[in-house]
Amino acid sequence: MISRSFRYLFSKGTIFDKILSKQIPSKAVFEDDDVYAFEDIQPQAPVHILIIPKFKDNLSGISQAEEKNVKILGRLLLTASRVAKEKNLSGYRLVINEGKDGCQSVDHLHVHLIGGRQMNWPPG
Ligand code: DGP
């Protein structure tokens with residue numbers, strides 16, 4: 001059987017595929033069978049964590065989501081909430097950037113968990 005990391009190694013993918021296959025190091029915060037949470041390399045706040053599905057399943061962004069993705073979408077949000085509790089955040093923001101106008105730079109669905117400082121509204 002082909003291992004997971006072997007498959008990632010040869011799949012055409014984004015930087016997050018390389019992170020998942022450990023070709024690129026990352027600072028893990030949480031991991032289970034479905035999701036991986038790790039520290040953002042360009043933090044926008046004292047706490048800035050990315051939560052991604054381990055199996056991309058064509059989810060390059062939230063605009064690709066279909067009914068069949070409901071479970072993983074829920075897992076991403078639950079993981080964000082769980083990590084925020086573990087980090088003792090009293091308040092925080094969850095962000096999904098979509099497309100060029102949404103400032104998305106990596107085409108692998110991800111939720112930003114941002115906290116540890118006062119957020120502003122409206123966002124920039
Ligand atoms: P977005 O702009 O919403 O697509 O967010 C992509 C995020 O990914 C951005 O905040 C920076 C982060 N990022 C890009 N490359 C790397 C990397 O190699 N390692 C880590 N940990 N984060 C990365």
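The values are calculated or read from the model by the stated rules, or taken from the named source; none is laboratory data. Worth saying up front: this structure is predicted, and the values here are computed from it rather than measured. Virtual Cβ from ideal backbone geometry, glycine too; neighbours counted across all protein chains shown.
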Flagged in region 29-43 as under 19 Å from Glu86 (Cα atoms), free of Cβ contacts under 8 Å to residues at least 40 places away in the same chain and within 10 Å of the ligand (Cβ to nearest atom), in numbering order, are Phe38, Glu39, Pro43
Can you pull out the residues in region 102-124 that are surrounded by fewer than 16 Cβ atoms within 10 Å (Cβ to Cβ) and outside any loop (DSSP other than H, G, I, E, B)?
none
Based on this model, can you work out whether Asp57 counts as under 18 Å from Asp17 (Cα atoms) and modelled with pLDDT under 95?
yes
Among Leu89, Leu77, Leu73, the single one that is farther than 15 Å from Ile49 by Cα, among the aliphatic types (A, V, I, L, M) and away from the ligand (no atom under 14 Å from the Cβ) is Leu73
Cβ-Cβ distance below 7 Å, separation of 6 or more or different chains: which pairs start in region 106-120 with a residue that is closer than 14 Å to Ala65 by Cα and end on one that is within 11 Å of the ligand (Cβ to nearest atom) and in a strand (DSSP E or B)?
His108/Ile52; Leu109/Ile52; His110/Leu50; His110/Ile52
